[in-house]
Every structure is written in structure tokens, then in C-alpha cells.
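Some notes on the structure that comes next.
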Amino acid sequence: MALLPILEFPDPRLRTRAAEVDPADLATPAFQTLIDDMFETMYQAPGIGLAASQVDVHKRFMVIDVSEEHDAPQVFVNPKITARDGDQVYQEGCLSVPNIFADVTRSATITVEALDRHGQPFTLEAGGLLAVCIQHEMDHLIGKLFVDYLSPLKREMVRKKLLKAKRNAA
């Protein structure tokens with residue numbers, strides 16, 4: 001397995017809309033290795049979710065594990081939210097927007113349909129942190145970031161802060 005580079009805001013590639021995954025691709029060793037590499041990258045970062053778009057692979061899939069022990073990995077291929085209910089405010093962060101956190105309002109519960117890593121369809125009802133994480137990662141697949149929920153002024157402040165941090169690191 002290998003660690004993958006994570007794109008960081010304001011990289012324009014993060015705004016790319018991901019294409020559907022051909023289910024036949026799931027059977028390939030290269031795709032399965034990519035999934036494993038994404039999990040390793042997410043755990044190392046550390047994070048609880050990673051969309052393929054964040055590692056410059058613009059296909060509609062993501063990996064998630066909201067467990068404390070990192071023992072509940074989930075793969076969502078071509079996910080679609082089919083039902084939403086209620087609202088919840090959660091303080092979100094993002095591996096593509098390091099060290100920035102903000103309150104975001106999302107649906108409290110969702111129903112999502114997707115394929116698993118082996119191409120088997122499944123339906124999942126999720127609430128709490130898992131629902132937030134699924135919605136957050138699905139936003140990445142359409143080129144949207146959690147900072148897009150912020151005011152233009154706050155978003156610009158985040159952009160400047162990250163560019164300054166990058167300059168200081170170099």
C-alpha cells in the first residue's frame with residue numbers, strides 16, 4: 001500500500017466533478033489497490049473520510065471509517081442520497097483544508113444507495129457523524145468543499161491562511 005498526495009484548497013482540481021465508476025472496474029486489482037491506498041492515506045492523515053477527488057482521481061467513490069478503532073471501513077461507489085430528514089450543525093474539518101474547522105448545517109439523517117468495493121449494491125440509513133461524513137465526502141465528488149458553506153469573507157480568510165501556511169512551510 002502507498003500513501004497518496006491529498007489536494008489542498010484552493011487547488012482547482014478539487015472543483016472537478018467526478019465521473020461515475022464503471023462497475024466492471026471494481027474487479028480490477030488496480031482499483032482495489034487504489035481503495036486500500038485511500039484507506040491508508042485517510043488513516044495516516046488522520047481523517048474519517050476521503051473522496052477520490054481529494055487524491056486527484058475524479059471518479060465517484062469514497063472511503064469512510066468513523067470508528068475510533070479504525071475497524072469499520074466503508075466504501076461507497078457511485079453513491080446517491082435518496083432521502084433526507086432534519087438538520088444538524090456539526091463542526092467540520094477537511095483533509096483538503098488542513099487545520100480549519102467551521103460549523104456546517106447538513107441533514108440529520110440520510111438514506112444513501114451505493115455499491116460496495118466488490119460492486120454489491122447496498123442501502124444505508126445514517127445519522128449523526130456518519131451522515132455528516134457521507135454528505136461531506138459526496139460534496140467533494142461534485143467539486144464542492146465545506147468552505148463553500150462559509151461566507152465569501154470567511155472563505156477568503158481561509159484561502160489566505162492556507163496560502164500563508166504553505167509559504168511558511170516552504
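Give the range 68-103 a look and list any residue that's touching a strand residue (DSSP E or B) at 6+ places or on another chain (Cβ under 7 Å) and part of a loop (DSSP other than H, G, I, E, B), or say none. First the steps, then the outcome.
Keep residues of the range 68-103 that are touching a strand residue (DSSP E or B) at 6+ places or on another chain (Cβ under 7 Å), which gives 73-93, 95, 100-103.
PRO73, LEU95 - these are the residues of the range 68-103 that are touching a strand residue (DSSP E or B) at 6+ places or on another chain (Cβ under 7 Å) and part of a loop (DSSP other than H, G, I, E, B).
May I ask you to verify whether THR111 is assigned to a strand (DSSP E or B) and either charged (D, E, K, R) or open to solvent by 60 Å² or more (accessible area, probe 1.4 Å) (or both)?
Working: assigned to a strand (DSSP E or B): yes; either charged (D, E, K, R) or open to solvent by 60 Å² or more (accessible area, probe 1.4 Å) (or both): no.
Answer is no for this residue.
For the range 1-31, enumerate the residues that are part of a loop (DSSP other than H, G, I, E, B) and in contact with a strand residue (DSSP E or B) (Cβ under 7 Å, 6 or more places away or on another chain).
Filtering the range 1-31 down to residues part of a loop (DSSP other than H, G, I, E, B) leaves 1-11, 16-18, 20-22, 28.
Matches in the range 1-31: GLU8, PHE9, ALA18, GLU20, VAL21.
Quick check on the range 87-106. Is at least one of its residues within 21 Å of GLY143 (Cα to Cα), surrounded by fewer than 18 Cβ atoms within 10 Å (Cβ to Cβ), within 13 Å of the chain's Cα centre (by Cα) and of a type in the set (Gly, Ala, Ser)?
Yes.
Report the residue count in the range 114-123 for those that are assigned to a strand (DSSP E or B) and either over 17 Å from the mean Cα position of the chain (by Cα) or modelled with pLDDT under 95 (or both). Give the steps one after another, and end with the answer.
At the first step, the residues of the range 114-123 found to be assigned to a strand (DSSP E or B) are 114-115, 121-123.
The next check asks that each one be either over 17 Å from the mean Cα position of the chain (by Cα) or modelled with pLDDT under 95 (or both); those that pass are 121-123.
Matching residues across the range 114-123 total 3.
For the range 131-170, name all the residues that are exposed (fewer than 14 other Cβ atoms within 10 Å of the Cβ) and closer than 23 Å to ASN78 by Cα.
Matches in the range 131-170: ILE142, ASP148.
If you go through the range 88-109 one residue at a time, do you hit one that is of a type in the set (Asp, Glu) and out of contact with any Asp or Glu (no Cβ under 8 Å at 6 or more places or on another chain)? Outline the logic, then answer.
Applying the first criterion (of a type in the set (Asp, Glu)) to the range 88-109 yields 92, 103.
Pick out the ones that are also out of contact with any Asp or Glu (no Cβ under 8 Å at 6 or more places or on another chain) and you get none.
No, because not a single residue in the range 88-109 is of a type in the set (Asp, Glu) and out of contact with any Asp or Glu (no Cβ under 8 Å at 6 or more places or on another chain).
Restricting to the range 38-67, count the residues that are open to solvent by 10 Å² or more (accessible area, probe 1.4 Å) and either in a strand (DSSP E or B) or modelled with pLDDT under 95 (or both).
1
So ASP37 clears everything in (1) touching a Leu at 6+ places or on another chain (Cβ under 6 Å); (2) closer than 18 Å to LEU145 by Cα except one condition, right? Which one?
All conditions pass for ASP37, except number (2).
For the range 3-19, name all the residues that are out of contact with any Leu (no Cβ under 9 Å at 6 or more places or on another chain) and within 13 Å of VAL57 (Cβ to Cβ).
Let us first name the residues in the range 3-19 that are out of contact with any Leu (no Cβ under 9 Å at 6 or more places or on another chain), namely 3, 5, 11-12, 16, 19.
The answer is PRO5, THR16, ALA19.
Would you confirm whether or not the range 153-160 contains a residue that is touching a residue at least 24 places away in the same chain (Cβ under 8 Å), assigned to a helix (DSSP H, G or I) and within 23 Å of ILE35 (Cα to Cα)?
no
The values are calculated or read from the model by the stated rules, or taken from the named source; none is laboratory data. Computed from a predicted structure; not experimentally measured. Here the Cβ is made from the backbone with ideal geometry for all residues, glycine too, and neighbour counts use every protein chain on show. The area values use the complete protein model at the heavy-atom level, side chains included, leaving out ligands, DNA and RNA. Shrake-Rupley method; radii C 1.70, N 1.55, O 1.52, S 1.80 Å.
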